[in-house]
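Asks: Submitted below is the structure of interest, expressed as structure tokens.
The values are calculated or read from the model by the stated rules, or taken from the named source; none is laboratory data. Bear in mind the structure is a predicted one, so any value in this text is a computation, not a measurement. With ideal geometry, Cβ positions are generated from the backbone for all residues, glycine too; neighbour counts draw on all protein chains shown.
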């Protein structure tokens, strides 16, 4: 009878330890994912800001240059606005489905890659546990 009580106590202690360890593991995984996303978000944001700044100033310079060629500065801005409107219209009419498919395929591939990495990590963990038991 006492042996059964000791076994039950040991089982309860092991279960509590397992629960605490599982909770710690979940917290560490959340921390890992969060830090991964944030660490890649900030450099991408900085690069995007630099690219947008470059494009803004390049377009301003181009608009002033075209306006100077046409004799009125504001004509350059109208010409550039018209060119961008034309490009947007062409993209909307002819390239919308193509761009959507490319973006969709990119998202699916990146998601599949993350699933594959997770599966590989689980297999490695299982192999390590098996080696530890042997």
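Asks: Could you tell me whether residue 82 is in a helix (DSSP H, G or I) and in contact with a helix residue (DSSP H, G or I) (Cβ under 7 Å, 6 or more places away or on another chain)?
Replies: Working: in a helix (DSSP H, G or I): yes; in contact with a helix residue (DSSP H, G or I) (Cβ under 7 Å, 6 or more places away or on another chain): no.
No.
Asks: Scan (1) over 24 Å from the mean Cα position of the chain (by Cα); (2) at pLDDT below 85; (3) closer than 30 Å to residue 110 by Cα for the single condition residue 36 breaks and write down its number.
Replies: (1)
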